[in-house]
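In what follows, a structure is listed as structure tokens, so that the remarks can point back to it.
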Amino acid sequence: MRAFDLVRPLLFRIDAERAHALTIAGLTRLPERVPKVDPVLTTTVAGIAFPNPIGLAAGVDKNAQAAAGFLTLGFGFVEVGTLTPLAQDGNPRPRLFRLPADRAVINRMGFNNGGLDAGLARLAARRPKGIVGVNVGANKDATDRIADYATGVARASTVADYVTVNISSPNTPGLRGLQTGSELTALLAAVQAARGTVPIFLKVAPDLDGPQIDGIARAAIDSGIDALIVSNTTIARPPLRSRHASEAGGLSGVPLRGPALQCLRDFRSATGGAMPLIGAGGIGSAADAYARIRAGASLVQLYSALVYEGPGLARRMTRDLPALLTRDGFGSVTEAVGTG
């Protein structure tokens, strides 16, 4: 039995958001080091050389406090945020719920963060030895959300290895409307004007139909976006067993695994392999990561699985993934992308 399996019942007695804050505080105290990984896991996306394809999704380290600690845990890259131009409290508590029977999480955080300036200053002051992306969003009460994204991209570009434009959170009313039509076109034009030379990723929702996927894919390719992150949390509610199943917010974890995998396949088809994809949603093992890679993902990201699998998950995945690649005759992650 892993040590985390013994500790988890105690952690689950603590309010989910408080437990999360304690985890972040503990990781800020970890000594920084760069774990060794199998060279078959190295891959290049958007001109960035990633030591391994296992990343930490945005929403975990919202205020860029513990990027170095997460990299020490074995992640090949860490995405901090979501950061908004102005600090905001987010939605009222409680807003984060564990669903143990479903190995899932529901959140309605609402982009709670200390603001761009504070987060970026913290990241610049302790710039880890590793790849760090910054996820940016718009303030809930912004009168011009596109301007908020342009501001976020311009400022984050000074310290980030890449910047993710997050228009897919379900917890800011109206935000997902930026994923379609003229609003998406205007947003991407503003982002490109603000980007400088840093790669730009776009994070999309899993709750999209075929025409929406085709429209996003075409707009992203035409505008020069460097990669798509597929996907954010879902507002759908498959059958769930846990007592918090009826809570409002975005659902993540195991119930999202199938829908997120299918969404990835749909975006792979829509883009024709012309754009790198990053798989997220319901990934909790090397086998899950490998399935996303075979379906078209060059990289993957984790979040909710850490709640149930503990801090050793990234290292276990980077230990187990090379054997899966070797079993199927692949000499690298890159060779396996889109072959499934």
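Ordering V136, V307 by the number of other Cβ atoms within 10 Å of each residue's own Cβ, fewest first, gives V307, V136. Computed from label points 7 Å out along Cα-Cβ, the spacing between T339 and A25 is 4.7 nm. Working from label points 7 Å from Cα in the Cα-to-Cβ sense, the A87 to A101 distance is 4.0 nm.
I need the calculated FRET efficiency for the pair A323 and K129, taking r as the beta carbon distance and R₀ as 30 Å, to the nearest 0.05. Calculated value: 0.65.
With N the number of residues in the range 198-245, Rg(Cα) / (2.2 N^0.38 Å) evaluates to 1.50. Hull volume per residue, based on the alpha-carbon atoms of the range 168-257 and their convex hull, is 108 Å³.
Rounded to the nearest Hz, the phi-derived 3J(HN,Hα) couplings of the range 195-207 under the Karplus curve 6.51 cos²θ - 1.76 cosθ + 1.60 (θ = phi - 60°) are 6, x, 10, 6, x, 10, 10, 10, 9, 10, 8, x, 8, where x marks glycine and proline.
Out of the DSSP beta bridges found with both residues in the range 64-219, what percent are antiparallel (nearest 5)?
Roughly 30 percent of the beta bridges in the range 64-219 run antiparallel, per DSSP.
When each of the peptides 211-217, 16-22 is scored by how many other beta carbons lie within 10 Å of its residues on average, the order from highest to lowest is 211-217, 16-22. Taking a ≥ b ≥ c as the square roots of the eigenvalues of the alpha-carbon gyration tensor, the range 187-340 is classed oblate because a/c is 1.5 or more while a/b is no larger than b/c.
Helix content alone sets the calculated 222 nm mean residue ellipticity of the chain: runs of n ≥ 4 DSSP H residues at -39500 (n - 2.57) each, divided across all residues, give -11000 deg cm²/dmol.
Distance distribution note for the chain: the fraction of Cα pairs above 36 angstrom is 11%. Couplings 3J(HN,Hα) of the range 161-170, computed from phi: 7, 8, 10, 9, 8, 9, 10, 10, 5, x Hz, in residue order, whole Hz [Karplus 6.51 cos²θ - 1.76 cosθ + 1.60, θ = phi - 60°; x for Gly and Pro]. Remark: the D222-R243 segment gains 3.1 nm on full extension, using 0.36 nm per residue and subtracting the alpha carbon distance. Backbone geometry of the range 313-320 corresponds, through the Karplus equation with coefficients 6.51, -1.76 and 1.60 at θ = phi - 60°, to 3J(HN,Hα) couplings of 4, 4, 5, 5, 5, 6, 6, 8 Hz, x marking Gly and Pro.
Quick one: among Y308, Y290, Y149, which has the greatest mean-square fluctuation in a GNM of the chain with alpha-carbon springs under 10 angstrom? Fluctuation is largest for Y308.
Near F50, the amide H atoms lying under 5 Å from its own belong to T43, T44, V45; only residues 5 or more places off or on other chains count, and H is placed 1.01 Å from N. Where both bridge residues fall in the chain, DSSP classifies roughly 30% of the beta bridges as antiparallel.
Values quoted throughout were computed directly from the atomic coordinates according to the rules given, and no laboratory measurement underlies them. Nothing here was measured: the structure is a model prediction, and the numbers come from that model. Using ideal geometry, Cβ is built from the backbone for each residue, glycine included, and neighbour counts are taken over all protein chains shown.
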